[in-house]
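For reference, the structure discussed in these notes is given below.
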Amino acid sequence: MTTHPATAPSTGPATGSKAAAAIEKARREGRAALIGYLPAGFPDVQTTIDAGIAMAKNGVDLIEIGIPYSDPVMDGHVIQEATVEALANGFTVPRIFDVVAGITSATDAAVLVMTYWNPVMRMGVRDFAERLAAAGGAGLITPDLIPDEASEWLEASDEFGLDRVFLVAPSTSPQRMQATVDASRGFVYAVSVMGVTGARTSVGAAARAVVDAAHAAGAERVCVGLGVSSSAQVREIGAYSDGVIVGTALVAALRDGGVDAVAELTRELSTGTGKATA
Amino acid sequence: MHQDTGPEGTGVRAGDAIDAGAAEAFLSHDESLRHAPGPYFGSYGGRWMPESLIAALDELQDTFEKAKADPEFTAQVAELNRNYAGRPSLLTEAQRFAEHCGGVRVFLKREDLNHTGSHKINNVLGQALIAKRMGKTRVIAETGAGQHGVASATAAALLGLECVVYMGAEDTRRQALNVARMQLLGATVIPVTNGSQTLKDAINEALRDWVANVGTTHYLLGTAAGAHPFPSMVRYFHEVIGDEAREQILEQTGKLPDAVCACVGGGSNAIGMFHGFLDDREVALYGFEAGGDGVETGRHAATITLGRPGVLHGARSYLMQDEDGQTMESHSISAGLDYPGVGPEHAYLADIGRAHYEPITDAEAMEAFKILSQAEGIIPAIETAHALAGAMKVGQRLAADLGPGEKASDRIVVVNLSGRGDKDVATAAEYFDLLPDDSAEQEIAQEGEQL
């Protein structure tokens, strides 16, 4: 079982934040939260819902559902291939609310949507926020929206009580770290390496430095993503962060073995958080 | 997938209703539009980018601002322009071509005479110097028709930088000879097989590379689009086109032109040319977009004409997108204009009414391509042929609107001849059916390949 760094600020539950509540629940159990990512509509909407439910039942605390997008510059080839297939299979953006509602109606997991910004802008930021909240969603993770450009989203997320998870990276300056931590709600997403998504054998020392810097800037919850694919990595990263995000490995499991494989990998990953042995 | 269109389905600019306040402000004030520093042009521009790249963009912006203020840097740029690129480029009066333009006087700004054959060299020399100032050892670039890739490989060779060029796999096939040129210059060309395998996807791949290698690498973006500071920086290096053209037309005719024409994909040659005349309100500015098979067919790249504001590749601008916000695939006979976005400063100039943007079909462009070749002995790039076809329309309109006692030759149109057509000879030969049926060239060209 992992313990949490003394450097992390005290952590009362953030009022109204579903992501914060999920991470705090894990923290009360003495472990880091496990966050699983899948793209919506891969290979179809119902499978995404089934796989999300399977993740929730097998040890994931928080689910991240990606909107397939034509120009995913932060995604590696496994996720990009999955999203291309989802689009080819007819996925349309409003279906994201079906996926979120399908998972939240069957589980207690907090569900965040990961999306590049143009689809949200196209629908209308306020409309998107309203529909996401109505579907039971927790909020948004925005890989190509920085707080500097986010005034509309800050307003809409306040109005509908949604989390706004911004990213920080090894290259983030102290000033930007502070501004991004201040703008975030739910948690801060620490990019572990300079690069795009994809399983890596090591995420290196950069991840810990980013997490420490975010905590020092006052972030109560910092979760690490990019490159995490094994329970050993989950254990290592969960020792100094508040949550660990796994994406590519779960997408590959779904691609190769379906929902059962997702359930099995989730169980395996969750041993890294100490949950399975708690 | 569909795009939003106006009441008749074509020709209504989405921006007409969007930035009416800006248009009103523009019409009622005398403020200079030149040298806008960004990050915003009206509501366009900005930085819609992953946080991982923001530090690099900050470093680039800081380096660029200091370089602009450094006389040693500006002297270096001027020296390379003069003694390497071959500037100033000529301004050539095209008297026989003018007969196809309603009889107005037509002047061609000869960017085709630059080293590497297009305006692209202006930007790459400047950015490669910036890369050196930042201590970067490697540049990456994206390219559609290959002209920016060739220019980037050239500048990298000159300044001793490693160069990697991303190019859509479809474009490497269409422009095989330019791929060979880049390789001869020492660059590595990486064909991109994602998406539509054209310019848009090459940019995505270059961005992925940049995120992973940002410590050593400068992304040498080829057009006045992307995240701040790229739109204003790329424009800065191309402003020399408009500055020279303005001085030359005054010297040769004693007055300013009635209209200035340029082709617009991302819009780098056009924004450089326009800038020389932006504050001359009496000079009409025209940008000609790729109308492909016709804007009513959906197979085109007429971004401002039929796009809607959105974000792509780091900037908010007009974008060809479907109702879900997914980027649509663009189509053009010109690989260099085959891009669904456009630089944000163009979006702003369109909204405030300072520049006008119109589509030119593949057929119209190819007709102008043939006319210029045979009237003036200049084979233009197919990109440029869009500007020439537009100039023919503008000239004819000017001639039709003459007042009493005026003659067409009182009117002057300047066209930016952004590049020469060597790279497009195979496409043109196939288009005009000039290749014998049994020739090897015909067989190759049927596939759209470069000879």
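The values are calculated or read from the model by the stated rules, or taken from the named source; none is laboratory data. Just so it is clear, the model here is predicted, and its values are computed rather than measured. Cβ atoms come from the backbone with ideal geometry, glycine included; neighbour counts cover every protein chain shown. Keep in mind that these areas ignore ligands, DNA and RNA; they rest on the heavy atoms of the full protein, side chains included. Shrake-Rupley method; radii C 1.70, N 1.55, O 1.52, S 1.80 Å.
On a per residue basis, the convex hull of the C-alpha atoms belonging to the range B:83-136 measures out at 89 Å³. Legend: residues in the range A:192-211 shielded by at least 50 square angstrom of accessible surface upon adding the remaining protein chains to the isolated chain (1.4 Å probe, heavy atoms) are A:M194. Taking all protein chains as shown and a probe of 1.4 angstrom, B:L184 keeps an accessible surface of around 150 Å². Counted over all Cα-Cα pairs of the range B:310-401, pairs farther apart than 23 Å make up 37 percent.
Quick one: what do you get for chain B if you divide its Cα Rg by 2.2 N^0.38 Å? Intermediate values should be presented prior to the final figure.
Working: Rg = 20.5 Å, N = 451, 2.2 N^0.38 = 22.4 Å.
Compactness ratio reported: 0.91.
Both numbers refer to the Cα atoms of the range A:98-241; Rg and Dmax are 15.5, 41 Å. For the range B:388-400, backbone phi angles converted through the Karplus equation (6.51, -1.76, 1.60; θ = phi - 60°) give residue-by-residue couplings of 5, 5, x, 5, 4, 5, 4, x, 5, 5, 4, 5, 6 Hz, Gly and Pro being listed as x. The spacing between the range B:339-362 and the range B:42-58, judged by their C-alpha centroids, is 22 Å.
Looking at the range A:110-191 from every direction and averaging, what is the projected area of its Cα convex hull in nm²? Could you put the intermediate results ahead of the total?
Details: hull surface 19.6 nm².
Seen from a random direction, the Cα hull of the range A:110-191 projects 4.9 nm² on average.
Considering all projection directions equally, how large on average is the shadow of the alpha-carbon convex hull of the range A:169-278, in square nanometres?
Working: hull surface 28.4 nm².
Result: a mean projected hull area of 7.1 nm².
Residues whose amide H lies under 5 Å from that of A:L112, counting only those 5 or more places away or on a different chain, are A:I63, A:E64, A:I65, A:A138; hydrogens are built 1.01 Å from N in the peptide plane. With the charge dipole of the protein assembly as shown set up from +1 on Lys and Arg Cβ and -1 on Asp and Glu Cβ about the Cα centre, the Cα lying farthest toward the positive end among the listed residues B:L53, A:A134, A:A51 is that of B:L53.
Peptides A:221-231, A:27-37, B:130-140: what's the order by average Cβ count within 10 Å, highest mean first? Walk me through the intermediate numbers first.
Details: A:221-231: 25.5, A:27-37: 23.0, B:130-140: 19.5.
Ranked by mean Cβ neighbours within 10 Å, highest first: A:221-231, A:27-37, B:130-140.
Annotation for A:T92 and A:E152: the two label points, set 7 Å from Cα along the Cα-Cβ direction, are 2.1 nm apart.
Surface exposure of chain B, expressed per residue as accessible area with a 1.4 Å probe, stands at 35 Å². To the nearest 10 square angstrom, what accessible area does B:H35 show with a 1.4 Å probe? Its heavy atoms expose roughly 100 Å² to the probe.
Per-peptide packing, taken as the mean over residues of other Cβ atoms within 10 Å, places B:107-113, B:80-86, B:172-178 in the sequence B:107-113, B:172-178, B:80-86 from highest down. In order along the range B:338-350, the phi-based Karplus estimate (6.51 cos²θ - 1.76 cosθ + 1.60, θ = phi - 60°) of 3J(HN,Hα) comes to 7, 9, x, x, 7, x, x, 5, 5, 4, 5, 4, 5 Hz; Gly and Pro are listed as x.
When 1/r is averaged over all different Cα pairs and the result inverted, which Kirkwood radius in Å belongs to the protein assembly as shown?
On the way: mean 1/r = 0.0375 Å⁻¹.
Evaluated over the protein assembly as shown, this radius sits at 26.6 Å.
On average, how many beta carbons from a partner chain sit within 10 Å of the beta carbon of a residue in A:111-121? For peptide A:111-121, the averaged partner shielding equals 4.
With each run of n ≥ 4 DSSP H residues scored as -39500 (n - 2.57), what mean residue ellipticity at 222 nm is computed for chain A after dividing by its residue count and rounding to the nearest 500 deg cm²/dmol? Working shown, then result.
Working: 11 runs with 125 residues, N = 278.
Mean residue ellipticity at 222 nm (helix-derived): -13500 deg cm²/dmol.
A compact globular protein would have a Cα radius of gyration near 2.2 N^0.38 Å; the ratio found for the range B:82-217 is 1.21. Highest mean first, the peptides A:237-245, B:350-358, B:406-414 sorted by other C-beta atoms within 10 Å per residue fall in the order A:237-245, B:350-358, B:406-414.
Dividing the alpha-carbon radius of gyration of the range B:190-304 by the rule-of-thumb value 2.2 N^0.38 Å gives 1.31.
Counting only other residues whose beta carbon sits under 10 Å from that of B:G46, what net charge do I get with K and R as +1, D and E as -1? Let's see the in-between values first.
Details: positive: B:R47, B:R316; negative: A:D148, A:E149.
Value of the local net charge: 0.
Considering the options A:L265, A:F187, A:I245, tell which one lies farthest towards the positive end of the dipole of the range A:137-278, charges being +1 on Lys and Arg and -1 on Asp and Glu at the Cβ, about the Cα centre. Result: A:L265.
Taking the Cα centre as origin and putting +1 on Lys and Arg beta-carbons and -1 on Asp and Glu beta-carbons, what dipole magnitude results for the range B:302-346, to the nearest 20 debye? It would help to have the intermediate numbers written out before the result.
On the way: 2 positive and 6 negative charges, 35 e Å.
For the range B:302-346, the charge dipole is close to 160 debye.
Rounded to the nearest 10 square angstrom, B:E51 shows an accessible area of 10 square angstrom against a 1.4 Å probe.
Across peptide A:65-73, the mean count of Cβ atoms from other chains lying within 10 Å of each residue's own Cβ comes to 6. Between chain B and chain A, the total buried accessible area stands at approximately 2800 Å², from heavy atoms with a 1.4 Å probe. Assuming charge only on the beta carbon of Lys and Arg (+1) and of Asp and Glu (-1), the dipole of the protein assembly as shown about its Cα centre is about 1920 debye to the nearest 20.
Grab the other residues whose beta carbon is less than 12 angstrom from that of B:L402, score K and R as +1, D and E as -1, and report the net. Write out the running numbers ahead of the final one.
Values: positive: B:R397, B:K407, B:R411; negative: B:D258, B:D401, B:E406, B:D410.
Charge balance near B:L402 sits at -1.
As a size descriptor, the averaged projected area of the C-alpha convex hull of chain A was calculated at 12.2 nm².
A Stokes-Einstein calculation at 4 °C with viscosity 1.567 mPa s, built on the Kirkwood radius of the range B:19-148 over Cα pairs, returns a diffusion coefficient of 70 µm²/s. When the inverse distances between all different Cα atoms of the range B:240-382 are averaged and flipped, the Kirkwood radius reads 15.9 angstrom. The charge dipole of the range B:217-282, taken about its Cα centre with unit charges on the Cβ atoms of Lys, Arg (+1), Asp and Glu (-1) only, comes to about 260 debye. Close amide H partners of B:T361, meaning residues 5 or more places away or on another chain with modelled amide H under 5 Å apart, are B:G291.
Need one value for A:167-177: mean number of C-beta atoms belonging to other chains within 10 Å of its residues' C-beta atoms. Don't jump to the answer; show the numbers that get you there.
On the way: counts 4, 2, 8, 4, 11, 4, 3, 0, 1, 4, 1.
Per residue, the average neighbour count from other chains is 4.
With a cut-off of 13 Å between beta carbons, the residues surrounding A:A263 carry a summed charge of -2, where Lys and Arg count +1 and Asp and Glu -1.
Remark: the range B:215-227, residue by residue, has Karplus-estimated 3J(HN,Hα) of x, 10, 10, 9, 8, 8, 5, x, 9, 7, 10, x, 6 Hz, where x stands for each Gly or Pro and the curve is 6.51 cos²θ - 1.76 cosθ + 1.60 at θ = phi - 60°. Add -39500 (n - 2.57) for each DSSP H run of 4 or more in chain B, then divide by its residues: what number comes out at 222 nm, to the nearest 500 deg cm²/dmol? Calculated mean residue ellipticity at 222 nm is -12500 deg cm²/dmol. For B:L278, the amide hydrogen comes within under 5 Å of no other amide hydrogen, counting only partners 5 or more places away or on other chains and with H modelled in the peptide plane.
For B:K255, the aspartates and glutamates whose Cα falls under 12 Å of its own Cα, not counting residues fewer than eight places away in the same chain, are B:E247, B:D280, B:E282, B:D410.
Quick one: Debye curve from the alpha-carbon atoms of the range A:64-154 only, equal weights, vacuum; give me log10 I(q)/I(0) at q = 0.11, 0.18, 0.19, 0.23 Å⁻¹ to two decimals. Debye curve over Cα of the range A:64-154, log10 I(q)/I(0) at q = 0.11, 0.18, 0.19, 0.23 Å⁻¹: -0.30, -0.82, -0.92, -1.27. Which residue, chosen from A:S105, A:P68, A:P94, occupies the Cα position most advanced towards the positive end of the dipole of the range A:51-108, where the dipole is computed from +1 (Lys, Arg) and -1 (Asp, Glu) charges on Cβ about the Cα centre? Final value for the positive-end residue is A:S105.
Ignoring any ligand, DNA or RNA, what whole percent of the accessible area of the range B:58-127 comes from carbon and sulfur when the probe is 1.4 angstrom? Show your work: numbers first, answer last.
Details: 1410 of 2870 Å².
C and S atoms contribute 49 percent here.
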